[in-house]
Amino acid sequence: MRSECLGNLLRITLGAEYFEDKYLSFSVVDQSGIAWELDEAMASQCGYTVTYSNWSNIEFRASALSCHSHLEKDVFTVTVQIRASHTPDMKNAVTHLQSASCHYGPWSPRELVCESNYMEVSVRRDVPQTVKDFIQDEPEDWTLAFPEAKVGEASIWQIVFHQPEEKKALLVSDAWSAGYGLNTTDTRVLLRIPYTDVQIQLVKAQGITFSAVRSSIFYKQRWMILVVDTAVACPVDGVDYTNKTITWTVPKYIQPLSAGATSFKDVLVEAGVDLHKLSAKEMASRKYVLLNDLNAITMKIPIGAEGGYYKTSVSSGQHGAKYTINLFLEHQWEDDKWGLTKHTIIKEIETPFEQAELAITNNSNLSARLMNVTLGTFLPDVELVNLTIEGTTVAVPEAVQHGYLTYEIRYANGSKAYVIHVPFDAPSIRKEYTRADTRSYTLNVTLAFITHPTRETFTVPVITVSTVEDAVLPSARGLCDERNLQLIITRGNVDQNWLPFISGWHLTPEAAQKYNYSLRDNGTHLAISVPFLSSHVNYEDIHTSGIKASLYLTLKDGITLADRRDFSISCRFSPSELIQCLPNGTVVITAVKLVGIADLDTSMLVLRDRQCKPSLVTAKTATFKFNVNTCGTSRKFNSTTMTYENDVLYFRPGNVTPVYQLKFVCLYAIKQTVDVRYESKKNLPPSIKPGFGSLALSLKLFKEKSYSDPYQELEYPVVKYLREPLYFEVELLQPEDLRLELHLNDCWATNSQSWDSLPQWPVLINGCENSEDSYRTVFHEVNYSPRVKFPQHLKRFEVRMFTFVRGTTLLQEQLYFHCSVVICSTVQQPSDLLCPRRCNPEKHRLGEYTDF
């Protein structure tokens, strides 16, 4: 703490180094040792001022005639008690006591002080000499004060306020209760008025507004009435800001202060900063200008000049600054009424708000993979309090847990900057692939600041981007098997959020399952397998050497869907995959759409006989099923084979020449010799034990693959679309013997209820799939469940819906399914050829089916 005597004021400055960020309480100690705690009202009533200067320094000022000062022989002493605490409840407060004495004199007959929170007037109280016609020569206000004085008690002080429309008289005690400060010494009478008082009038002088109070204080004794004019006036405005200059104008002579005077003479005009007077040389060095004209005193201060300082300000949430300077002016003049008057004006001037641009400097260390951002500069009255990271606000110490290290840089002029360190790999740093081998790292954080001592808050969003050549792009290798195209993608470090698209179609796990594609992703590799006969494969050409099929994969950005990386694989597949020449003379041919014929409509493909149209159509394929004796099929014979030929054709509307022609051939051997290996084995005659019993069997059709809901009798006949799956279950109902096992022998379909009627088609032969079937039967495993107590008593299989064909006509008749079974003992070694089944369903693909 530092004490200074500045004329009739004492100033105690509290250093920000110690008192910053503390809660303070000020009390003044009287001569009895009693501490009087100050609040705003008491401070302005008793002549005390607490304010901030030069950012966070705290000033305490006391008037020489303040309430609790001790004045003796022109020396006044003030004792102040300061309590400092880290909490607003002032617990554990540390008390500091500071006492200072100042000499002040000589006193002028009238002294006026304009402080920042009060106006003060003190007048010498000497008994005046008798002047002829004294009463009659005074203004009317003085004459009207005497009725109030005459009715008062003897030896009592009173105060009368003069308003344009009325007068108001108060006893000293009442005036004190109303917030006025009154005091007397042996030689002076004092009145102190807060700027908020209701008796204050706003008056104009040369266009400048003053806060003024017209008042009289009188003291009645038996033999006289002492009347004191205690008028006071202080400038409210008069400050202008033009051309980066502050202009402060103060009129010299104000009506409330010069009532009754007719002649004036300047004695002294001095000015300064922070209550320190400046010489003309000092003012010139700072480029100050002090003008003393006939009617006014003017000070001109360049904005930003020495003596003032910039402080941080916030307007509408925006960060900026104001230039502040604490000027004071002392004007002494003589007039023919008062003699010498000393008028001291303390004026804190603050320029309008100017928004400040903050520099954000990115000094990221690429080799250390560290984002290094400097934000500033700031004035010393700014403090960083928290950071908002991905929507979460954290205090500065807690930000370290999120990877954010912040520290402060202080410069020689007191300003400072803040530095943020964040690793490139912090979770909140957004990484984005930009081009070639480059990635961008984006820091997006919002910093919140507070100003001292005003405690205004503002935020600064910080968004910086660093570009690093560290991108590792995904790579791919392709391969093909007999029926599938495969791409295996090795992931890089940029494609974590990239999405796979094939032929412009987003390949999700659900979509892959729907189309029977394989999609596997283990985080480091993405494997995709697509059957070559599928709607997302492109067909380039068809030759006898094979079908060229291509799969195009694009990795797209997961947010913008911009193309990031393209891969493709092309393979040739055997033409035999497109055709099936069945022994019964049925031909199944699949035609594919070539990329070179974009307008080809697969549903408009025909055979030589244009009445023969496809039975199954997709966007890329058309499947025909017909007999070799139909649809314009031609035959050729030689000594060993019969050759059947036909064409799949596509004609544009109105054209007779096809733009698409796919020729296919089926060859059948006229004579064929097959070598069959065999060996004779002498079998023991079967062992037969006579017995009696009943066997109960059932054949059921279920609605779903789960085999939980069978069709009921009233639901038959069941309507199904072609190639829609049919789920069958054969069960041994009786006897419930664990030693018995049910095996399927033959299963077939007819178009009548008679099991031996014609036509008929086998779906199982000797317990195995029909190898001539276009869509082979699929077996499903049977496991124990609450419904299935004996899994060995059940067999389940799946057949695709079909219908019989007569020539080129589909028979729209009902289908009936029949099965024969073999029941074997699981205990005895079988001695015949029926029980050791030649085809074991468990060795087949269980529950799998591929539809092309």
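The values are calculated or read from the model by the stated rules, or taken from the named source; none is laboratory data. For clarity, every value in this text was computed on a predicted model and none was experimentally measured. Backbone-built Cβ (ideal geometry, glycine too); neighbour counts: all protein chains shown. We work out accessible area using only protein heavy atoms, side chains counted, and drop any ligands, DNA or RNA first. Shrake-Rupley method; radii C 1.70, N 1.55, O 1.52, S 1.80 Å.
Below is a table of values for the structure above.
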quantity	calculated
Candidate set: the range 403-421, residues that are open to solvent by less than 20 Å² (accessible area, probe 1.4 Å) and of a type in the set (A, V, I, L, M, F, W, C); chosen: the one farthest from residue 390 (Cα to Cα)	417
Per-region count, the range 378-402, residues of a type in the set (S, T, N, Q) and open to solvent by 80 Å² or more (accessible area, probe 1.4 Å)	2
Options 113, 127, 78; residue that is closer than 26 Å to residue 256 by Cα, β-branched (Val, Ile, Thr) and modelled with pLDDT of 90 or more	113
Filter pass, residue 732 being in contact with an Asp or Glu (Cβ under 8 Å, 6 or more places away or on another chain), in a strand (DSSP E or B) and either of a type in the set (Phe, Trp, Tyr) or open to solvent by less than 40 Å² (accessible area, probe 1.4 Å) (or both)	no
Tally of residues being free of Cβ contacts under 8 Å to residues at least 12 places away in the same chain and among the aromatic types (Phe, Trp, Tyr) across the range 775-804	1
Breaking point among (1) more than 27 Å from residue 76 (Cα to Cα); (2) not in a loop (DSSP other than H, G, I, E, B), for residue 219	(1)
Residue list for the range 357-375, filter: touching a Phe, Trp or Tyr at 6+ places or on another chain (Cβ under 6 Å) and assigned to a strand (DSSP E or B)	375
Residue within the range 646-666 that is among the acidic types (Asp, Glu), crowded, with 16+ Cβ neighbours inside 10 Å and over 60 Å from the mean Cα position of the chain (by Cα) present	yes
Residue in the range 618-636 that is over 30 Å from residue 477 (Cβ atoms) and out of contact with any strand residue (DSSP E or B) (no Cβ under 7 Å at 6 or more places or on another chain) present	yes
Qualifying residue in the range 559-568 (condition: of a type outside the set (Lys, Arg), part of a strand (DSSP E or B), farther than 30 Å from residue 439 by Cα and open to solvent by 60 Å² or more (accessible area, probe 1.4 Å))	no
Counted residues, the range 200-216 - those being surrounded by 13 or more Cβ atoms within 10 Å (Cβ to Cβ) and either of a type in the set (Lys, Arg) or assigned to a loop (DSSP other than H, G, I, E, B) (or both)	3
Pairs with Cβ under 7 Å, 6+ apart, first in the range 633-653 and part of a loop (DSSP other than H, G, I, E, B), second open to solvent by less than 90 Å² (accessible area, probe 1.4 Å)	633/644; 633/645; 633/646; 640/669; 640/670; 651/658; 652/659
Cβ-Cβ under 9 Å pairs, at least 6 apart or on other chains, the range 291-307 side surrounded by fewer than 17 Cβ atoms within 10 Å (Cβ to Cβ), far side of a type in the set (D, E, K, R) and in a strand (DSSP E or B)	291/300; 292/266
Residue in the range 178-189 that is open to solvent by 60 Å² or more (accessible area, probe 1.4 Å) and either within 20 Å of residue 49 (Cβ to Cβ) or in contact with a His (Cβ under 7 Å, 6 or more places away or on another chain) (or both) present	no
Unique residue being touching a Pro at 6+ places or on another chain (Cβ under 8 Å), among the hydrophobic types (A, V, I, L, M, F, W, C), open to solvent by less than 20 Å² (accessible area, probe 1.4 Å) and more than 30 Å from residue 446 (Cβ to Cβ) when the list is 487, 551, 526, 519	526
Failed item, numbered, when residue 262 is tested on (1) open to solvent by 40 Å² or more (accessible area, probe 1.4 Å); (2) in a strand (DSSP E or B); (3) β-branched (Val, Ile, Thr)	(2)
Residue in the range 593-606 that is surrounded by fewer than 16 Cβ atoms within 10 Å (Cβ to Cβ) and touching a residue at least 60 places away in the same chain (Cβ under 8 Å) present	yes
Odd one out for residue 271, checked against (1) of a type in the set (Gly, Ala, Ser); (2) out of contact with any Leu (no Cβ under 6 Å at 6 or more places or on another chain); (3) surrounded by 14 or more Cβ atoms within 10 Å (Cβ to Cβ)	(2)
Test: residue 27 is under 30 Å from residue 229 (Cβ atoms) and surrounded by 13 or more Cβ atoms within 10 Å (Cβ to Cβ)	no
Among (1) closer than 26 Å to residue 105 by Cβ; (2) surrounded by fewer than 19 Cβ atoms within 10 Å (Cβ to Cβ); (3) not small (Gly, Ala, Ser) - the single one residue 20 does not satisfy	(1)
Test: residue in the range 408-424 that is touching a His at 6+ places or on another chain (Cβ under 6 Å) and hydrophobic (A, V, I, L, M, F, W, C)	no
Cβ pairs under 8 Å, 6+ apart, first in the range 233-257 and under 21 Å from residue 196 (Cα atoms), second loosely packed, with under 15 Cβ neighbours inside 10 Å	235/209; 236/202; 236/209; 237/209; 238/209
Count of the range 148-173 residues which are surrounded by 14 or more Cβ atoms within 10 Å (Cβ to Cβ), of a type in the set (A, V, I, L, M, F, W, C), outside any strand (DSSP E or B) and at pLDDT below 80	1
Residue 241 being open to solvent by 50 Å² or more (accessible area, probe 1.4 Å), aromatic (Phe, Trp, Tyr) and on the phi < 0 side of the Ramachandran plot	yes
Leading residue by the ranking (nearest to residue 626 (Cα to Cα)) among those in the range 769-816 that are aromatic (Phe, Trp, Tyr) and buried (at least 16 other Cβ atoms within 10 Å of the Cβ)	804
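Results for (1) of a type in the set (Phe, Trp, Tyr); (2) crowded, with 17+ Cβ neighbours inside 10 Å; (3) free of Cβ contacts under 8 Å to residues at least 12 places away in the same chain; (4) not in a strand (DSSP E or B), shown as yes or no for each residue.
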site	(1), (2), (3), (4)
32	no, no, yes, yes
41	no, no, no, yes
52	yes, yes, no, no
62	no, yes, no, no
78	no, yes, no, no
83	no, yes, no, no
95	no, no, no, no
102	no, yes, no, no
106	no, no, no, yes
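For every residue, the table says whether it meets (1) under 39 Å from the mean Cα position of the chain (by Cα); (2) closer than 20 Å to residue 472 by Cβ.
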site: 502; (1), (2): yes, no
site: 512; (1), (2): yes, no
site: 520; (1), (2): yes, no
site: 523; (1), (2): yes, yes
site: 535; (1), (2): no, no
site: 545; (1), (2): no, no
site: 551; (1), (2): no, no
site: 555; (1), (2): yes, yes
site: 583; (1), (2): no, no
